[in-house]
Each structure stands twice: as structure tokens, then as C-alpha cells.
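K.L.:
Sharing a structure below in C-alpha cells format, with a few things to ask.
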Amino acid sequence: MSTTQPSPGAYNPAAATAGETAVLRGVGRCILLLIVSFGLWSFAWMYHTTKEVSARVRQPPPSAGLRTFLYAIPIVNLVMWFFAWQDIEEYCKRTGSRDFPMIAFWILTFFFGIVGLYTYPVVQSRLNDAHRAATQGRATTAPMQAADWIAIGVGWAFALLWLVVIILVAASS
């Protein structure tokens, strides 16, 4: 009697817990969250991607918290960003969905930041396609999670702090 085993890295709904299921994050929603968090939602994106994707393609799975922490360190953040995109590319390949030219995208975005207006949405779109392929279309829209709300709250706290500093400097002049 033979049983078929899922290919390495394939999404196995029976093995996933509620917190590990493949979820979709629309490109527009990602952009909106980046705007309302003053850019800090990128840390939540790194956390989600590591938890939901990297654990499927790297063994042992990397720590989502550690990767997110390292993402805050200059220079090291470039390596974490590279790893995230590399894991997404590998996940796309393993699920049989359309991938993207990861190295070219990363280099172009690194040297010419404006290219990110194209590359970031494409990468997120390909990740969503991979989730759909891995779940045979059963992936659901991601709910707002604690990391999302924290990024928004910290972003607004920094913005308000800057506003207070500006008002105090202006008042003392």
C-alpha cells in the first residue's frame, strides 16, 4: 500500500494549524498599511512572510521574531530582505506557481529604489498566487493581526512625537 506524500515545502492543509494557514494579502492593502504605518508595516510584512513562507522552505525554520529584529539593523536588513524574497521565490517554485526573477528584482530595487514601485507589488502578487496554488484555491484573506496593529501604532506614535518636537521647537524660537 503506497501513500502519496506532499512534495517538500508543499502546503499540507491537514498539517497546518489555524495560525499557519496560507493567507492572502492584497497588494493594495499592503500599500495602504505601509502608508498608514508610516512605513513601519514592512516589519510586520517581514514577520508574516518568515512565519508563513520561510518555515515552508527552510529547515530548520528561521525565527520570525529574530528576522524582524534583524530587519531593523542597517546593512543586515538588506540580507533579511534578500532572504524573504528568496524564500518567496522558492515557495513559488515548489507550489508550481509563477515565480519572479528574484536576483534581478532585488538588485534593481536595491540600486534604483523607484523600481520598487513595480517589484514589491509583483513579489506580493506572486506570493498570493503561490498560496492559492498550494491550497488549491482555499487560501483566505489575512485578518489584521497583532503585528499589523503594532506597526500602525508605533508609526503613529513616532509621527506624533515628531509633531510635538516640531511644535516645541517652533514655540521656543
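K.L.:
Decide, for the chain, between rounded, prolate and oblate: order the square roots of the alpha carbon gyration tensor eigenvalues as a ≥ b ≥ c, take rounded if a/c falls under 1.5, and otherwise choose prolate if a/b is larger than b/c, else oblate.
P.N.:
Because a/c hits 1.5 or more and a/b exceeds b/c, the chain counts as prolate.
K.L.:
Can I ask one more? Identify, among F100, G65, W162, the residue whose Cα sits farthest towards the positive end of the charge dipole of the stretch 25-172, taking +1 on the Cβ of Lys and Arg and -1 on the Cβ of Asp and Glu, with the dipole about the Cα centre.
P.N.:
Of the listed residues, the answer is F100.
K.L.:
Which parts of the stretch 31-54 would a label at M144 reach, counting a residue when its backbone N lies under 11 Å from a point 7 Å out along Cα-to-Cβ?
P.N.:
In the stretch 31-54, the label zone of M144 (backbone N under 11 Å from the point 7 Å along Cα→Cβ) covers 33.
K.L.:
Separate question: Using the alpha-carbon centroid of each, what span in Å lies between the stretch 77-93 and the stretch 113-152?
P.N.:
13
K.L.:
Any chance you could give the angle, 0 to 90 degrees and rounded to 10, that helix 27-36 forms with the longest Cα principal axis of the chain?
P.N.:
Computed tilt is about 30 degrees.
K.L.:
Oh, and also: Using a cut-off of 15 Å between beta-carbons, work out the net charge of the residues near E90 (Lys and Arg +1, Asp and Glu -1, E90 not included).
P.N.:
Residues near E90 contribute +1 overall.
K.L.:
Work out how much length Q59 to F38 would gain on full extension: take 0.36 nm times their residue separation and subtract the Cα-Cα distance, in nm to one decimal.
P.N.:
4.2 nm
K.L.:
For each of I167, I88, I152, count neighbouring Cβ atoms within 10 Å of the residue's Cβ, then give the residues from fewest to most.
P.N.:
I167, I152, I88
K.L.:
Helix 146-172 versus the longest principal axis of the chain: what is the Cα-based angle in degrees, 0 to 90, to the nearest 10?
P.N.:
Orientation of helix 146-172: about 10 degrees from the principal axis.
K.L.:
For L24, what residues show an amide H to amide H distance below 5 Å, using hydrogens built from the backbone and excluding near sequence neighbours?
P.N.:
Sorted by chain and number, the residues that satisfy this are T140, T141, A142.
K.L.:
Let me ask you something else. Could you work out how much longer the chain between W156 and S173 gets when fully extended? Use 0.36 nm per residue separation minus the Cα distance between them, nm to one decimal.
P.N.:
3.5 nm
K.L.:
In deg cm²/dmol and to the nearest 500, what is the mean residue ellipticity at 222 nm of the chain if only DSSP H runs of at least 4 residues count, each as -39500 (n - 2.57), divided by the residue total?
P.N.:
Only helices count here, giving -19000 deg cm²/dmol.
Read-outs throughout are calculated quantities, based only on the coordinates presented, and are distinct from any laboratory measurement. The model shown is predicted, which means the values in this text are computed figures rather than measured ones. Methodologically, a virtual Cβ is constructed for each residue, glycine included, from the backbone with ideal geometry; neighbour enumeration extends over all protein chains shown.
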